[in-house]
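> Below: one structure in structure tokens.
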Amino acid sequence: MTRRKFTVRGMTCSSCSAHVEHDVNSLEGIIKVEVNLMAATMSVEYDENKLTEQDIIAKVNSGGFNASIYEKNRAFNKENELIEKQKLKKLIASLILMFVLMYFSMGEMLNLPLPHIFENHKYMYINGLIQLILLIPIIILNSNYYINGFKRLIKLSPNMDSLVAIGSVASLIYGLFSLVMLMIGSFTNNHELIKEYHMQLYFESAGMILALVSLGKYIENKSKGKTTKAISKLLDLTPKFATIIKEEKEYEISVDDIKIGDIIIVKPGTSIPIDGIVIKGISSVNESSLTGESIPVLKEKDSFVKGGTINLNGVLYIEATCESTDTTLQKIIDLVEVASSSKAPIARLADKVSLYFVPTVIGISIFSFIIWMLLNKSFEFSLARSISVLVISCPCALGLATPIAIMIGTYKAVDFGILFKSGVAIETLNKVDTIVFDKTGTLTYGMPKVTDIIPLNISQEELIKITYSVEKNSEHPIAYSINNYAKEHNIDSYEITNFENIIGYGVKASINNETIYCVKKEMVNIDFNNNIYETLSNEGKTVIFVIKNETLLGMVALKDIVKPSSISAINNLKQLNKKTIMLTGDNEIVASIIAKECGIDEYIAGVLPDEKANEIEKLTNNKNVVAMVGDGINDSVALTKANVGIAVGSGTDVAIESAQVVLMNDDLNNIVTTLKLSNKVINNIKTNLFWAFFYNILFIPISAGILYPPFGIVLNPMICALAMSLSSICVVLNTLRITKIKKGDLS
């Protein structure tokens, strides 16, 4: 299976994206297609043995669109800015011409001063000619509606442009017909003919439809542009150039040219260009752009740093450990782009409706014209109702409702140090009722810490010195913790010989020709105070016995400490009525103690990594919607089995395939943030869909004239054009409320 991303140009509404998706799905070998109208992209999973990239591009192009291989390009936004400036110039010119056109078309009704020649209706055709002259440049400036609209119509996949094109052309054609009638009336002195047609010039409707729809699309695109700024901000986190050292000289090169092993100098106040290891220097680094944590992190020799973070106050010499395409930041960008272009299940209804929406509207438009003609209404009245139906219907509002919310929600999550991998994950999180936690490294720090030192006929410092001397050559987590404790308390070590690792039980070594054992209880063959041991064990602690020549020197107890965030997170989840369960391979005593400290509802102890998936499966089979929270490595199978897998990490595990959500730091309160953000995004989508459906269901019949018989209410095509534009703008503005959410609102 191969996954490729394409740029698709020419899509203007959800009907377009639905047709592109439908066409590509018809190809043999296609596994999955996701079209993002907002970003003008298409992600395709396909069997490379049956299809090529060019086959997919050809299929899209055959439908009247323009597809190409997607390329990351920092200049893309500048290109878009130039296009938007050109559109703005055309829009301003169209609006100026439209207002002048309206002046001539409605001046008489509004008692505005017009040339005296127009006071005589005999010369109204001159007014009509002026209106036509003003309309022609508006048509030229907005010719894209005709080009795209009729192209889609010929391809039998009409879109919003088709509706605008048909509506404005119908107005233009009838306006030309009326102008000819006025000219005939003037030249033949037929005053009845002039009276009948002098108010039936539809040029202003044709001009206003084009100008107002363009105004609405421009405002809509400006609003949508705010949603895509997040990806630009991520790209801008990494500088374009870096300073490297070669042969004791400094050179400035493009970040894209950095190779593994290059030495980069990063000065205070500048961004770190690449992931790497500090080989010289000490400084504080702001990693908030990646982890969401505002507190700077101290970096010194052998520390790992990530591209896109900011060096605050010292010079760092960094050895690159990857190239620009493989940095942590780039992995985040890739994930965000994939997630923002993915679809949530809630979008399926809108997708199905969008595919048939425009043809249905055209059918309603024709039907309304025929009905009013059969009811003996004038041609002008019937035509106005038909045009109104075309220009008030809004497939854009329907199509934007879901993808714009998914995109903004995905980008907003990045600000909080959360990565959503798909729209499906966002929607599923909103339904989760059970949260299952791995213990080690998730609820706890994953590394035991020294909690108790019990010396027997020896000082506490001497006991730790002896223990440290023996353990410092071991790579076991317990040895690591004892060594850290000794270093933190400035305790030295003895020289040792004959070091030996007793697998599964401990270590031994010789100090001054005397054998020292640091072992578990199972290796102890001498008498000791069992009460002390039992007390420590019942507290969930691991006890190490330190023995010299058959003499017990003392005990060192260690325990995997619960993260403070675990306790507050579990408490907050309970307030959200979520059931919490802990899975652990530890024994019953340790599991019960940790569960009690955290406030977990249930725990299951003695579960091996491969058995965790079975426990998750039992929960999902019991109709629970389960989120599994783990470190993303040992829990990979369980993460996959859950409805939503949440990987907890420091940001280096962003590429974990088994999880649908990645928390960039170890603060479990981010789970609460994730659930609440998901809820807000889904509620926003539901609101958007409601108003999009409500708008079309309500206004299409009204524009067709359903309220005319009982109340005499009709909608002018110009009002309909404005309403259509406003409907899309309202959906976009409603969704932009997500960008205003602060982390404090979700805690």
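The values are calculated or read from the model by the stated rules, or taken from the named source; none is laboratory data. All figures in this text were calculated on a predicted structure; none of them were measured in a lab. So basically every Cβ, Gly included, is an ideal-geometry build from the backbone, and we count neighbours across all protein chains shown. Note: areas computed on protein heavy atoms with side chains; ligands, DNA, RNA excluded. Shrake-Rupley method; radii C 1.70, N 1.55, O 1.52, S 1.80 Å.
> What does the C-alpha gyration tensor say about the overall shape of the stretch 571-650? Classify as rounded when a/c is under 1.5, otherwise prolate if a/b is larger than b/c, or oblate.
It is rounded, given that a/c, with a ≥ b ≥ c, falls under 1.5.
> Calculate, in nm to one decimal, what Lys32 and Thr515 gain on full extension: separation in residues at 0.36 nm each, minus their alpha carbon distance. Don't skip to the end; give the middle numbers.
On the way: separation 483, 0.36 × 483 = 173.88 nm, distance 6.51 nm.
Extending this stretch completely gives an extra 167.4 nm.
> Looking at Pro137, Thr2, Val358, which one has the Cα that reaches farthest to the positive end of the dipole of the chain (charges on Cβ: Lys, Arg +1; Asp, Glu -1)?
After comparing all options, I get Pro137.
> Lys/Arg Cβ at +1, Asp/Glu Cβ at -1, dipole of the stretch 532-587 taken about the Cα centre: which of Pro564, Thr551, Leu536 is farthest positive-ward?
Of the options given, the answer is Pro564.
> Let's test the formula: R0 of 60 Å, r as the Cβ-Cβ distance of Thr321 and Leu156. What FRET efficiency results, to the nearest 0.05?
0.65
> Turning to a different aspect of this structure: Only Lys, Arg, Asp and Glu count, each charged at its Cβ (+1, +1, -1, -1), so figure out the dipole size of the chain about its Cα centre, rounded to 20 debye.
3220
> Evaluate the Debye formula for the stretch 555-607 with equal point scatterers sitting on the alpha carbons, no solvent, and hand back log10 of I(q)/I(0) at q = 0.32 Å⁻¹, in q order, two decimals.
-1.25
> Relative contact order, percent, of the chain when contacts are C-alpha pairs under 8 Å separated by at least 6 residues?
Normalised by residue count, the contact order of the chain is 13 percent.
> Per residue, what accessible area does the chain have, given a 1.4 Å probe and all protein chains present, in Å²?
Counting only protein heavy atoms, the per-residue value for the chain is 46 Å².
> Name the residue from Val672, Val731, Val637 whose Cα lies farthest towards the positive end of the charge dipole of the stretch 614-747, charges +1 on Cβ of Lys and Arg and -1 on Cβ of Asp and Glu.
Highest projection toward the positive end goes to Val731.
> Counting helices only, and only those DSSP H runs with n ≥ 4, report the 222 nm mean residue ellipticity of the chain as the sum of -39,500 (n - 2.57) divided by its residues, in deg cm²/dmol to the nearest 500.
When only DSSP H runs of four or more count, the value is -16000 deg cm²/dmol.
> Oh, and also: Could you grab the relative contact order for the stretch 619-747? Cα pairs under 8 Å, six or more apart, rounded to a whole percent.
Details: 126 pairs, mean separation 21.3, N = 129.
Relative contact order of the stretch 619-747: 16 percent.
> I want the local charge near Ile738. Using Cβ-Cβ distances under 9 Å, sum +1 for each Lys or Arg and -1 for each Asp or Glu among the other residues.
My count for the surroundings of Ile738 gives +4.
> While we're on this one: Could you give each residue of the stretch 447-454 its phi-based ³J(HN,Hα) in whole Hz, using Karplus coefficients 6.51, -1.76, 1.60 with θ = phi - 60°, and x for Gly or Pro?
These are the phi-based 3J(HN,Hα) values: 9, x, 10, 5, 10, 9, 10, 10 Hz.
> Give me the angle, in degrees from 0 to 90, between the Cα long axis of helix 328-341 and the longest principal axis of the Cα atoms of the chain, rounded to the nearest 10.
40
> Using all C-alpha to C-alpha distances in the stretch 473-553, build P(r) with 5 Å bins and read off the rounded percent in each one.
Distribution as computed: 3, 13, 22, 26, 21, 13, 3, 0 percent.
> Now for a separate question. How much of the accessible area of the chain, probe 1.4 Å, is carbon plus sulfur, in whole percent?
Carbon-and-sulfur percentage of accessible area, whole number: 56.
> Return the lysines within reach of Lys50: Cα separation strictly under 28 angstrom, same-chain partners fewer than 8 residues apart disregarded; answer none if there are no such residues.
Lys5, Lys32, Lys59, Lys72, Lys155, Lys343, Lys352, Lys421
> Next question, about the same structure. Please list the non-local residues whose amide H lies under 5 Å from the amide H of Thr41, H modeled 1.01 Å from N, same-chain partners needing a gap of 5 or more.
It is Val8, Asn36, by chain and number.
> So what's the net charge close to Ala211: Lys and Arg +1, Asp and Glu -1, counting the other residues with Cβ under 12 Å from its Cβ?
For residues surrounding Ala211, the net value is +1.
> Once both labels are modelled 7 Å past Cα along the beta-carbon direction, what's the Ser62-Ser459 spacing in nm?
8.7
> When the chain is fully extended, how far beyond the present Cα-Cα distance does Lys618 get from Phe304, taking 0.36 nm per residue of separation?
Separation in residues times 0.36 nm, less the Cα-Cα distance, equals 109.0 nm.
> Mind pulling the angle between the C-alpha long axis of helix 564-575 and the longest principal axis of the chain? Nearest 10 degrees, somewhere in 0 to 90.
50
> Still on this structure, I have one more. Determine the gain in length on full extension of the stretch Phe528-Asn683; use 0.36 nm per residue of separation and subtract their C-alpha separation, reporting nm with one decimal.
Using 0.36 nm per residue and subtracting the Cα-Cα distance, I get 49.5 nm.
> Testing the spin-label approximation: label points 7 Å from Cα along Cα→Cβ at Leu88 and Leu707. State their distance in nm.
Taking the two extended label points, one gets 3.7 nm.
> Okay, next question. R0 = 30 Å: FRET efficiency of Leu698 with His22, Cβ-based, nearest 0.05?
Efficiency, rounded to the nearest 0.05: 0.60.
> Pop the C-beta distance of Glu495 and Thr360 into the FRET formula with R0 = 60 Å and round what comes out to the nearest 0.05.
Efficiency, rounded to the nearest 0.05: 0.10.
> Relative contact order (percent) for the stretch 350-475, with alpha-carbon contacts under 8 angstrom and 6 or more residues of separation?
16
> Here's another thing I want to ask about it. With just the Cα atoms of the chain, tell me how far they stretch along each of the three principal axes, in Å, largest first.
So the three principal-axis extents are 130, 65, 53 Å.
> I've got another one for you. Measuring from a point 7 Å past the Cα of Glu53 along Cα-to-C-beta, which residues in the stretch 1-34 have an amide N at less than 12 Å?
In the stretch 1-34, the label zone of Glu53 (backbone N under 12 Å from the point 7 Å along Cα→Cβ) covers 3-7.
> Still on this structure, I have one more. Relative to the first principal axis of the alpha-carbon coordinates of the chain, what is the inclination of helix 14-25, with its axis defined by its Cα atoms, in degrees from 0 to 90 and to the nearest 10?
60
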